[in-house]
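To start, the structure itself, in C-alpha cells.
Please treat every number below as a calculation from the coordinates, not as lab data. None of these values were measured; they are calculated from a predicted model. Every residue, glycine as well, gets a Cβ built from its backbone with ideal geometry; the counts of neighbours run over all protein chains shown.
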Amino acid sequence: MTLYRPWAPQWLQFDPTTLDLPQCTVQALQDFWPWTTVLKEGADHGNLRIRLYTDGSWTETSRCGGFAVILVLESGTHSSFFGAVCAQTQGKQDSLWNHAGPPALRNEQYAIASAMLWVFQSLPFLAYQAVTFCFDCLAAGLAASGAWTPDCALMQRIRDLQLWLEQAAGTTIVFEHVKAHSEHPMNELADRVAKAAARGHLRDYEPPVEAVQLILQEDLSWIAPTLDLRQREAIPFARGGLVQWEPDMNFTPFQLEAHHVIPTTTKYVGRQASSSMQVECVAVSLNVQGLRDKHRYLEEQFDEAHCNLVFLQETKSPMGVCSSKAYLRLGTDHQKHWGVGVWVSKTRGLFTADGSSVQVTEQDMYVVKESPRLLVLEITTAGLRFVIFAGHCPHTGQRAAASQFIEELRDTLYPLRGAHVTGNLQYGDTDATGREVAAALHDLGMWIPSTFSSYHKGDSFTYRHPQGQLHRLDFVVQGGKLEVCQAASSVLLYELDTGGASDDHWAIRAHFRGFLPQTGEQTKIWRPQYDRVRLLSQEGKKLVAEATQAYQPPPWSTNPDEHCHHFTSYVQALLEKHFLKQPNAPRADYIPEQTWQLRTAKLALKYKTRHRSNLWSSLLVRAFLQWKDDADFGVSRLIVKHGFLYQLASTAIGVATNAIKKGIRNAKADYLRTVVRQGGPRPTDILCHLKRAGVGGKKTRQPQRQLPLLLDAAGHPVRTRKDRDLLWLRHFGKQEVGQIEEVKAFLQREHQPVCIDQELTWQVEDLPSLGDIEAVIRLAPKGRAAGLDGIPAEVLRAAPGHMAAALQSLFTKASLMLRQPLQWRGGLLYECWKQSGRRCDPASHRSLFVSSVVGKCLHKLTRRKIQTVVNEGLHEFHLGARRGQPVQYPAAYILSFIRRAHAQSRSIGILFLDAEAAYYRICRDLATGLIETDETVTAIFKRFNIPPEDLHMLMQEVQEGGMMADLGVPATIRHMAKDLHANTWFISPHGDGALLSRTSAGSRPGESWADAIFSFVFGRVLARITEIARGEDLLDTLHADLAEGPFATKGGGDEACASDATWADDSSWAITDASPLRLMARVTRLCSVVLGQCQSYGLVPNLKPGKTALLVRLQGQGAKQARKHYFDHGPRSVCLADVALEVEVTNHYKHLGGMVETTGYGGCEAKRRRAIASTAFDKGKDLLYLNTTIPIGTRSSLVNIAVTATLHNLALWTPAGPQWEKLCQGYARLVRRLLTRPPPHPRRFRACGHRLPPASPFG
C-alpha cells in the first residue's frame, strides 16, 4: 500500500546546523548520540522509541505558511536526531495542503498528519516500543488524539489516520503537549524549520505526493475497524475490508428478562420465611411554638434521639411538603397561630423491620385529612398500610372547638379500633376534654404509652403554664395490628431545645417494639448514583479508557438485545466498582462549631438550673403561708439570692437562644459568600462552584410543595404508588396511543421487522463510523439523568475514542439489520408540573422522557445524517429543526409586518397557532412511511378523530414512503428511522417494573428525531395551508429586491408569497390590507383554512385564552363598520362557521418569548423585560452582584451572564421611542445598583433619603 512505502531518504539527510538556532537547541544537538548507535541499541534491547515534534508557521504579511516535523530516536537513556520533514503550504502554487480555515491552525494540523505519514512509512523496517507526538497547538494535538472534537473535515481525516496508525503500529501512541517558545530544544528547532519551510527555503523534505493524496481524498473512516482484532467477529468483514451480511440472518436465540430492560431493586420487609416481623419505631411529639429558621437545628436533635417519626404542633409554617437531607416534612396551614406537622426520617425510615429501615417517599403517602389542627396520612408501602396523624386539640377553655376536633378525629380514624387507651399512671386532674379524648381513642382502638407506669419512666408533665402549674398535654398514641412487647418505653426529652424564647414545652418520646402479623417487600426502579465529578477527572478518564479498551464485543450473530445487555453489564460493573457514590456522602455544613458548642452549653445550663424552673410558683405558696401563719419562712432572702440566680440563668438562656438563631442565619450567609470568593477567577468558575454547592439551582426555588394529592379521571384521590403508576401510564399513554401491558408479556412478543417498502442500497456514509460515534458521544449532555441502564453521559465522555470502538459493532448491527435493541426503544416518563393549573390534575403536567444515553447516541447519529435534507426540504421560514437559525428570525418576520403596516397605515391581522400536545398527536408513519401495518395506522388516525374523507389521502402518503421519501431522505436512513420508532414503550418512575405502556404515535419528545419527525409532518400541513391560501388570494405578496430590501416597491424585484413563520410548533400568519372589511374577510377565512387543515392531520388547535389567537389592528376607512360587523356579538372573538370554532381576538400576544402588540414591541414588552431583568438581579444581589468581596469586574461579568441575558431580544427592538427609553432606563438602574457601593447603615440612609437631590439620568 502507498502509505507503507518507504520514502526517499532526504528526510534522513536533513542538516539542522544550517539554520540559525537558539543556544538550547545547539546544546541539545551536541549532546545527542549518533542515530545509528541508538537505532542498534533499540533493536537489540527492543526498547526503541520515536518522538515527533510538530509545529506550523504562518506569516500574515507575506501570506506564506509551512510546517515541520522533527524526528528524535530514543533507546534507554540515549537520544539522537533522526531527521526532519517539512513543506511549504500557503504561498506554493502546486501545494496539496490548501484547505480553507485559519492558516496557522491548518499548518499545525498538516504537521501532525505528516508526522503520522512518516511513522506509517517506517513501520516495515522499524519496530517501536512507543510513538510520541509532541505538539504545541492544543486544538490540533488534542483533536488528533481524540480528546477534543475535530473542527473540520480535515481534522476528522487526521483523527481517522491516527486510529488507523494505532492498529497498524501495534504499540502505544502518545500525544504530549509541549509549551511553545519555552526554550524546549526540539520545539524551538521545529519552529525554526517550519519558518524556513514557509519561506520556501527547504523544498526537498516534503512527504510524497501519493501519500498526501491518499489521506486527503480517500475515505479512511472504516480502515481502523477492519484492522482491529476485537472487531473481526463483531463486524462481518470480508476480504478487502468489505462488510458482507445476510439481512434475513437469524440471530442466536436470546430471551430478555424483565430486569434486563427495567432494572429494579427489591427490599424485603421482614424475614421471607416468617409470617410476622419485628418492628421498632421511635416517635416524638412536641409543641414547637414556631419553626422559622429552626428546621435544621431541630433535625439534628431529632437525629440524636434516633427518631423515626416526629409529630409537631404550633408549627406556624405554610402548608406543604419539603424534603431535606434528613427528613420528609409535611405540614398543614397555620392560619397565623396553629399548624401541625409530621416528619418522617429519610435515614431511619418509617420504622425498622428486623433491623432494616423501611424507607417511604412522598409517592407512598395519601393525605386523608388536613386542617390547621389535624393532619392524617395514610402510607402504603411493601403491601402494608400505616395511618399516622398529628393533632393539636384545643384546650378545655374552648370546649366547643375541642369537641369538634375530637369528633373530627373520631370520624377520620374510626376504621381502626380495639385496645386499652389509658393505664395506671395518672398526672393531674381529669377534665372533660381529656375524658372525651380517651373515649374517642377507645373507640378507635388506640392507647397512650405515657399513661402506663410499666412503660413511662421519669416525669410526666410536658407543659408549664405561665403561672407555674405543670400539665401533661402531649402524648404519642398507638393502635392498629402492632403487638407491642414489654420493650416499649416512654420518656420526656428535657435536653431537646426548641430554639424558642420561652421554655414551657417539652417533647415526649415513645419507643415501640413489637410484632406485625405480616411481611412485605418494596420493589422500585433501580436508579443508581455515581460520582460524576470523579468520572471526568484524570484518574477517572484513565480507568474508563483502560477498561473500555479491554472490552471484547460479542460476535455478529449475537442478538442485538443480548449484545446491548453484554455492553451495559460491562459498563455497569465498571461504574459499580470504581465510581459508586455513597448514599450518605457528606455535604457542606454551614453551621459552625461554636453554634453547636453554644447549644450544648445552653442545654447544660438548663439542666443544672432545672430545679429553679418552678421557683416563683413555689415562692408564691411560701409567701402566702408566711403571711397566713405570721412566721418567717425566709421568702425575702430566697428572693434576693435565688431570684437573682433565676434571672441570671433565664437571661443567659435567652441570650444564647437569640445568638443561636442569629448564628444559624449568619453562618449560612457567610458560607455562601465564601463559596463565591473561592469559586475561581472567572465568572463561570464561580457559577459552577455555586451550582455544585446547591446554590442557584433548586435552592433558589421554593422548597415547600403542596401536600401530596393526585386525582384520577373520575376525580378520586390516588392512594397508593401502584395506583399512581397506572394513572400516569394511562394519561401519557393516551397521548401516544399507548396500551398498558405486562412487561413479561411484552418481552415474550416475537420481533416484528419494520415494513421495507423500497430496495435498500447501503453506502459507507450510511453506517456509523468511529468519527460519527465519537462526535455524538462528545455531544452527550453532562449532568443529565441517566436512562434505565443507569449509564450516565460522563462515562461515555470520559473516553470517547475507546467507547466509540466498543459501540461500533452494536451500532452497525442495529443499522444494517434494522433492529435496535429493545432496551433503547423505551425509557422513563416523568411527570412535570407546568406551573399552571391545579397540581393535583394530571392535565396540568407535561412529560419528560428519560432514555438510555447510549441509545440516544445512536438516534442522534442517524438524525445528523439527514440534517442537510432538513435544511433544504422545509420552506425558508420553517425553523426549529434547522441548525444555525435562531428564534429571532420568525419573531423578526412578524414584527416587520407590523411595522410595515403601521408605516403604511394599513390594517393588519396576525393568526398565532398553538396546537394541543402537538408533538404527541403526530402519526409517525406520515413522516417515515409504513412502520408496521395498515391497521395500526388506521387505528391511530381514528384515535386522532381525522375526518373519513381525509383518511384515504393520508394513507396514500404513508404508502408512498411519507414526507421523508418526498424530501429525498435516503431509503436506508428512512428505514433506520422506522426501526427507531417501532415497538416503542415507556414506564413511569412510580411502578415496580411490572407494567409498561406500548406506544405507536407521537414524535417522542426528548429524543433526537422528535423535531425532524414533527417538522416533516407539520411541514406538509403548512404546505397544504399555503397552497389553499394562495389559491384563494389570502396571503400578501411581497417583492424581494436585494437592493431595496424585503419590502421593495410593487413591480420591483421578484414576487414572493408571505406565508407562515414557524418555529417548532408555533406558527403565525400575517396579512395586511388597506380595507379593514376586506382584511377581516381574508383573515377569518385564513383561520378556517388553518384550523381545518390541522384537524385533517390530527392536530387539535388549543383555543384557550392566550393560545391560538388573532391579533388585529383595524384602521382607515371602514374600521368602525368592520368592528361592528365582526365583534358586535359580544365577546372579542371571531366565529368560524365552516369549522364550528371560535378564535379569540386580542391586542397583545406572547410570541416566541416576546410580548407582541399591534404596534410591535411596546409598553407590555418593555415592562415585562424590565421585570424579568430586575427579578434576575434581585435573586443574586446579596450573594453575587452587591457582594463587595467579589471584584467589580467579576460581578459585572456575572450580571452579563445572568441579567443582561434576559434581554435576549434586543436585536428585534427599534432603538428609539419612549418604550425603548424606558427599557434602557430600567437596565441603567440595575447597572447603577451594581456600581453603587451599599451604604454601611441602610436605615440611616433611608431616613435621610428625603434630603438628597433627585438622581440625574444614567449617561
So, relative contact order of the chain in percent, Cα under 8 Å, 6 or more apart, is 8
With segment 699-792 reduced to its Cα atoms and the Debye formula applied, log10 I(q)/I(0) at q = 0.15, 0.20 1/Å amounts to -1.09, -1.19
Treating the beta-carbon of each Lys and Arg as +1 and of each Asp and Glu as -1, no other charges, what is the dipole magnitude of the chain about its Cα centre, to the nearest 20 debye? 5940
Mean Cβ neighbour count within 10 Å, used as a protection proxy, ranking 225-236, 617-628 highest first: 225-236, 617-628
Near Gly880, within a Cβ-to-Cβ distance under 10 Å, what is the net charge of the other residues, with Lys and Arg +1 and Asp and Glu -1? -2
Check cross-link reach from Lys942 to the lysines: straight Cα distance under 20 Å, and skip same-chain residues fewer than eight apart. Lys734
Only residues of segment 226-254 count here: report those whose backbone N is under 12 Å from the spot 7 Å along Cα→Cβ of Trp762, or say none. 235-238, 242-249
Have a look at Gln23, Leu818, Ser988 and report the one farthest towards the positive end of the charge dipole of the chain, computed about the Cα centre with Cβ charges (Lys/Arg +1, Asp/Glu -1). Ser988
Could you give the nm distance between label points at Tyr414 and Thr265, where each point is 7 Å from its Cα heading toward the beta carbon? 4.2
0 to 90° range, to nearest 10: angle between helix 853-864 axis and the chain longest Cα axis: 40
Give me the distance between the Cα centres of segment 329-383 and segment 889-965, rounded to whole Å. 48
In whole Å and largest first, what semi-axes does the C-alpha gyration tensor of the chain yield when each eigenvalue is scaled by 5 and square-rooted? 64, 44, 36
Using the Karplus curve 6.51 cos²θ - 1.76 cosθ + 1.60 with θ = phi - 60°, work out ³J(HN,Hα) for each residue of segment 368-375 in order, rounded to whole Hz, and write x for Gly and Pro. 6, 8, 9, 7, x, 10, 8, 9
Counting Lys and Arg as +1 and Asp and Glu as -1, what is the net charge of the other residues whose Cβ lies under 13 Å from the Cβ of Val193? -3
Please name which of Val776, Leu726, Phe1018 has its Cα lying farthest along the dipole of the chain towards the positive end, using unit charges on Cβ (Lys, Arg +1; Asp, Glu -1) and the Cα centre as origin. Leu726
Go ahead and run the numbers for FRET between Ser62 and Lys1179, Cβ-Cβ distance against an R0 of 51 Å, rounding to 0.05. 0.40
For the table Lys834/Lys1167; Lys541/Lys1181; Lys1104/Lys1124; Lys813/Lys860; Lys744/Lys856, the rows whose alpha-carbon distance is greater than 26 Å are Lys541/Lys1181
Here the net charge surrounding Ser1075, from other residues whose Cβ is less than 11 Å away from its Cβ (Lys, Arg +1; Asp, Glu -1), is +2
Sorted by packing (mean other beta-carbon atoms within 10 Å per residue), highest first, where do 641-651, 791-801, 167-177 land? 791-801, 167-177, 641-651
Using amide H atoms built 1.01 Å from N in the peptide plane, name the residues 5+ places from Gln820, or on other chains, whose amide H lies under 5 Å from its own. none
Ala892 versus Glu741: modelled label distance in nm, points set 7 Å from Cα along the beta carbon direction: 4.9
Arranged from highest to lowest average of other beta-carbon atoms within 10 Å per residue, in what order do the peptides 773-782, 753-762, 570-579 appear? 773-782, 570-579, 753-762
Which of the listed residues, Thr1146, His1129, Gln1117, is farthest toward the dipole's positive end in segment 1115-1155, when Lys, Arg count +1 and Asp, Glu count -1 at the beta-carbon? Gln1117
Taking the alpha-carbon distance from Lys606 and a cut-off under 14 Å, which aspartates and glutamates remain once sequence neighbours fewer than 8 residues away in the same chain are dropped? Glu495, Asp497, Asp503, Asp504
Here, Phe254 and Ala903, labelled 7 Å along Cα→Cβ, have an inter-label distance in nm of 6.5
Say R0 is 35 Å: what FRET efficiency, to the nearest 0.05, do Ser323 and Val655 get from their beta-carbon distance? 0.55
With everything on Cα atoms, drop me the angle between helix 615-629 and the longest principal axis of the chain, reported from 0 to 90° to the nearest 10. 10
Work out the FRET efficiency for Arg203 and Thr172 from their Cβ-Cβ distance, taking R0 = 45 Å, and round it to the nearest 0.05. 0.85
Integer Hz, Karplus 6.51/-1.76/1.60 couplings in order for segment 381-390, x for Gly and Pro: 8, 6, x, 10, 10, 10, 10, 10, 8, 10
To test your reading of the geometry: what angle, between 0 and 90 degrees and rounded to tens, separates the Cα axis of helix 948-959 from the longest principal axis of the chain? 50
